[in-house]
Amino acid sequence: MKIIVIGLGYYGKSVATRLSMVGHEVICIDNRMNNIDAVKDSVSAAFALDSTDMLALSSVPVKDADLCIVTIGEDLGASIRTIALLKKLGAKHIFARASDP
């Protein structure tokens, strides 16, 4: 499966590396370069970009992905905007993390 993981905090890094270890093609996105550096050697691709920016997110093959996982936990607004943009870009399946009720 081709999986996109957006948000590479503790949870996102764990999800991305475990999915990659079991053989999935994992593409990671985060807006912080230090988070990208932490996973770039253990996943298929890693991009430092703002997932709330339509132009930036459209540079990632969202339509080709079997699953998009949004693990943004710090900023609820960024998480919601990212999910909306993924839907607009034609994501097949989206799983999103909720950090509060």
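Annotations
- Within the stretch 24-76, the only residue that satisfies the criterion of being of a type in the set (Asp, Glu), within 20 Å of Ser99 (Cα to Cα) and assigned to a strand (DSSP E or B) is Asp30.
- Selection count, the stretch 77-101, where residues are open to solvent by 90 Å² or more (accessible area, probe 1.4 Å) and either in a loop (DSSP other than H, G, I, E, B) or of a type in the set (Gly, Ala, Ser) (or both): 4
- When the stretch 62-72 is filtered for residues that are touching a strand residue (DSSP E or B) at 6+ places or on another chain (Cβ under 9 Å) and under 19 Å from Lys92 (Cβ atoms), the ones remaining, listed by number, are Val62, Asp64, Ala65, Asp66, Leu67, Cys68, Ile69, Val70, Thr71.
- Selection from the stretch 12-25 of residues that are free of Cβ contacts under 8 Å to residues at least 24 places away in the same chain and not basic (Lys, Arg): Ser14, Leu19, Met21, Val22, Gly23, His24
- Within the stretch 10-61, the set of residues being touching a helix residue (DSSP H, G or I) at 6+ places or on another chain (Cβ under 6 Å), under 19 Å from Lys92 (Cβ atoms) and open to solvent by less than 40 Å² (accessible area, probe 1.4 Å) comprises Ala16, Val26, Cys28, Ser51, Leu57.
This table checks each residue for (1) at pLDDT 95 or above; (2) more than 13 Å from the chain's Cα centre (by Cα).
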residue	(1), (2)
Ser51	yes, no
Leu57	yes, no
Val62	yes, no
Leu67	yes, no
Ile72	no, no
Ser79	no, no
Lys87	yes, yes
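The values are calculated or read from the model by the stated rules, or taken from the named source; none is laboratory data. Here the structure is a predicted model, which is why all the values come from computation and not from measurement. Don't worry about glycine lacking a Cβ; one is built from the backbone with ideal geometry, like all the others, and counts go over all protein chains shown. Remember, those area values only see protein heavy atoms, side chains included, never the ligands or the DNA or RNA. Shrake-Rupley method; radii C 1.70, N 1.55, O 1.52, S 1.80 Å.
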